[in-house]
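One structure is given here, and the rest of the page talks about it.
The values are calculated or read from the model by the stated rules, or taken from the named source; none is laboratory data. Since this is a predicted model, take the numbers as computed values, not measurements. Counting neighbours? That spans all protein chains shown, and the Cβs are built from the backbone with ideal geometry, glycine included.
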Amino acid sequence: MICDGDRILVGLSGGKDSLTLMWFLNERLRRVRVTYELTAVYLDPGFDGGFSERLQRYCRKAGYRLRIENTDFGVKAHSDENRENPCFLCAWKRRKRLFDIADELGCRKLALGHNKDDIIETLFMNMCYAGEISTMVPFQPLFEGRFTVIRPLAYVEEDVIRQFAAEQDFPEFNNTCPSAAVSKRRTVKEMLTRLYSSNDKIKGNIFRSLSRVRPDYLLT
């Protein structure tokens, strides 16, 4: 995923996943011979009660290079002009801006904190709401190889990250998005939680199935 000399933009949301990702990528620099540069970027969605200043203080104390951009992506996505799917529009705008910043800074890799649970949830979200079988992958070249999205936590379960974040005493930054508790992802997460509780092998089997696809037994 990471090569010597890489300049990597890290999408920092303030959540436990992205804070864990930033910690590991930064800590790894002291333990491997590969050298790379990290720049964390936080896109403030524009809601009242944001935590940009607290996040800046935390990153400064931790020795992270952080760039904060104040946007209206979240506010516009939840405005009257876009009532149907605010999460999609906000996510699309944020992703586009991250690529723009990466290009500006000369970063050819974009590191995101998606974990194993996120990948499974995205599979079900795409099946239920987009009518296709697809999900996120750990290493994803885009725009004819101009950029590459990497997800170093792709094989790590959310519970492990939650435990690590607690052990490291990472600060908690409250998500101010009004859709945080009622999103499609939340609906899918709750469905999967009930499913997992019935059999502790289900999560592993679903994740394993993503690399054991049998096209001959799918509709064409």
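Before moving on, here are some points about what is shown:
- Residue in the range 15-24 that is buried (at least 18 other Cβ atoms within 10 Å of the Cβ) and not in a helix (DSSP H, G or I) present: no
- Any hit, the range 77-93, residues being under 30 Å from Thr220 (Cα atoms), among the polar types (S, T, N, Q), out of contact with any Ser or Thr (no Cβ under 6 Å at 6 or more places or on another chain) and in a loop (DSSP other than H, G, I, E, B): yes
- Taking every residue in the range 193-207 that is in contact (Cβ under 8 Å) with a residue 24 or more places away in the chain and part of a helix (DSSP H, G or I) and pairing it with any residue that is surrounded by 14 or more Cβ atoms within 10 Å (Cβ to Cβ) and of a type in the set (Phe, Trp, Tyr), at least 6 positions away or on another chain, the pairs with Cβ-Cβ distances below 9 Å are Lys203/Tyr196; Ile206/Phe124.
- The single condition among (1) under 19 Å from the mean Cα position of the chain (by Cα); (2) modelled with pLDDT of 95 or more that Gly74 does not meet is (2).
- The set of residues in the range 95-115 that are crowded, with 20+ Cβ neighbours inside 10 Å and assigned to a helix (DSSP H, G or I) comprises Leu98, Ala102.
- Flag for Leu98 being touching a strand residue (DSSP E or B) at 6+ places or on another chain (Cβ under 7 Å) and free of Cβ contacts under 8 Å to residues at least 60 places away in the same chain: no
- The residues in the range 121-153 that are in a loop (DSSP other than H, G, I, E, B) and either in contact with a strand residue (DSSP E or B) (Cβ under 9 Å, 6 or more places away or on another chain) or within 26 Å of Arg7 (Cα to Cα) (or both) can be counted, and the count is 11.
- Which listed residue is at pLDDT 95 or above, in a loop (DSSP other than H, G, I, E, B), among the aliphatic types (A, V, I, L, M) and out of contact with any Leu (no Cβ under 8 Å at 6 or more places or on another chain), from Val188, Val156, Val182: Val156
- The single residue among Leu38, Leu19 that is under 21 Å from Phe173 (Cα atoms), within 17 Å of the chain's Cα centre (by Cα) and of a type in the set (A, V, I, L, M) turns out to be Leu19.
- Residue in the range 81-97 that is out of contact with any His (no Cβ under 8 Å at 6 or more places or on another chain), under 22 Å from Phe143 (Cβ atoms) and aliphatic (A, V, I, L, M) present: yes
- Qualifying residue in the range 116-128 (condition: closer than 30 Å to Leu219 by Cβ and more than 18 Å from the chain's Cα centre (by Cα)): yes
- Tabulated pairs, the range 67-86, first closer than 26 Å to Asn126 by Cα, second part of a strand (DSSP E or B) and modelled with pLDDT of 85 or more, C-beta under 8 angstrom, 6+ apart or interchain: Phe73/Leu43
- Subset tally (residues that are closer than 30 Å to Ala130 by Cβ and either assigned to a helix (DSSP H, G or I) or out of contact with any Leu (no Cβ under 8 Å at 6 or more places or on another chain) (or both)) for the range 54-76: 5
- Matching residues, the range 130-154, being aromatic (Phe, Trp, Tyr) and exposed (fewer than 12 other Cβ atoms within 10 Å of the Cβ): Phe143
- Condition check for Arg7: among the basic types (Lys, Arg), touching a Gly at 6+ places or on another chain (Cβ under 7 Å) and at pLDDT 95 or above: yes
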